[in-house]
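Contents: one structure, followed by commentary.
The values are calculated or read from the model by the stated rules, or taken from the named source; none is laboratory data. Everything numeric in this text was worked out from a predicted model, so none of it was measured. Note that each Cβ is placed from the backbone with ideal geometry, even for glycine, and that neighbours are counted across all protein chains shown.
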Amino acid sequence: MKIIPAIDLIAGQTVRLERGEYDKKLTYEISPVDAARKWQSMGAELLHVVDLDGAKQAHPVNLPIIHAITRAVGIPVEVGGGFRTTDDIWFALDYGVKRVVLGSKAFEDKNFIRECFKNFGDRIILSVDAKNLQPRISGWEKGVDVDLFDVLREFVSFGAKEIIYTDIQKDGTLTGPSLDHLERILKEIKVNVISAGGVKDVDHIRELKKLEGLGLSGVIIGRALYEGTINLKEAIDAGKEDSPVS
């Protein structure tokens with residue numbers, strides 16, 4: 001199970017939002033580039049970067065910072081936030097990004113997503129962000145009147161082999177992941193899932209590890225790393241432990 005540090009960007013700074021609310025922004029002194037170097041030095045094999053300005057404005061805003069991150073590290077970087085066009089995706093890939101995360105656009109233009117899978121394959125990954133199992137888009141500011149499980153099945157039909165699922169109610173709260181929601185998703189939808197939201201400590205990683213056999217392939221961690229409630233090396237080790245026998 002992959003342990004994936006998150007680097008969220010607003011105005012070129014490293015931040016975290018609580019439950020996706022822009023007025024509940026936590027800003028950290030460490031720069032995005034220094035954060036990327038730090039997480040790589042502690043064993044990270046993948047970084048998850050989110051352009052929060054881009055998510056809100058519907059186009060990438062922090063590409064220069066993203067480019068600086070990809071130049072600074074030797075591990076893959078995935079990036080989401082505001083990607084709506086093929087040109088946006090090409091720019092990111094040209095800047096050294098390993099894969100681009102598409103969220104809102106997957107709800108707005110299905111033909112575009114199908115074409116993206118044809119053109120980019122596994123260089124893109126679809127993401128769904130939900131509040132009480134209700135999908136939200138545009139930087140989590142807009143609800144979408146669709147069933148979460150129908151959306152996930154549709155993502156699989158597009159060609160998705162792995163999906164990022166963020167529980168908005170848990171994101172940035174350090175209150176633990178929504179294990180019941182995750183277990184339901186993994187049992188109903190046959191696809192690998194990367195979970196985001198709620199992780200505070202290694203015990204939470206071990207709880208999530210129990211879902212690996214159902215298809216939980218990774219865990220994104222943000223605030224806990226920046227506030228020191230979890231050690232990345234210990235989290236990575238916990239993610240590599242033998243799965244508990246049920």
### Query
Give me the pairs: first residue in the range 46-61 and over 13 Å from residue 14 (Cα atoms) and modelled with pLDDT of 95 or more, second residue part of a helix (DSSP H, G or I) and not charged (D, E, K, R), beta-carbon distance under 6 Å, and six or more apart or on different chains, which are they?
47/36; 60/54; 61/54
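Yes/no matrix, rows are residues, columns are (1) touching a helix residue (DSSP H, G or I) at 6+ places or on another chain (Cβ under 9 Å); (2) basic (Lys, Arg); (3) surrounded by fewer than 21 Cβ atoms within 10 Å (Cβ to Cβ); (4) at pLDDT 90 or above:
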residue	(1), (2), (3), (4)
98	yes, yes, yes, yes
104	yes, no, no, no
114	yes, yes, yes, yes
118	no, yes, yes, yes
123	yes, yes, yes, yes
128	yes, no, no, yes
133	yes, no, yes, no
139	yes, no, no, no
### Message
Testing residue 201 on (1) of a type outside the set (Phe, Trp, Tyr); (2) surrounded by 22 or more Cβ atoms within 10 Å (Cβ to Cβ); (3) in contact with a Ser or Thr (Cβ under 6 Å, 6 or more places away or on another chain), one condition comes back false. Which one is that?
### Response
(2)
### Query
Hey, among 145, 180, 171, which residue is acidic (Asp, Glu) and under 23 Å from residue 47 (Cα atoms)?
171
### Task
For residue 92, indicate whether it is in contact (Cβ under 8 Å) with a residue 24 or more places away in the chain and touching a strand residue (DSSP E or B) at 6+ places or on another chain (Cβ under 6 Å).
yes
### Message
Kindly evaluate residue 125 against the criterion of being β-branched (Val, Ile, Thr) and in contact (Cβ under 8 Å) with a residue 40 or more places away in the chain.
### Response
yes
### Query
Out of all the residues in the range 173-198, which are surrounded by 23 or more Cβ atoms within 10 Å (Cβ to Cβ) and either more than 26 Å from residue 122 (Cβ to Cβ) or basic (Lys, Arg) (or both)?
198
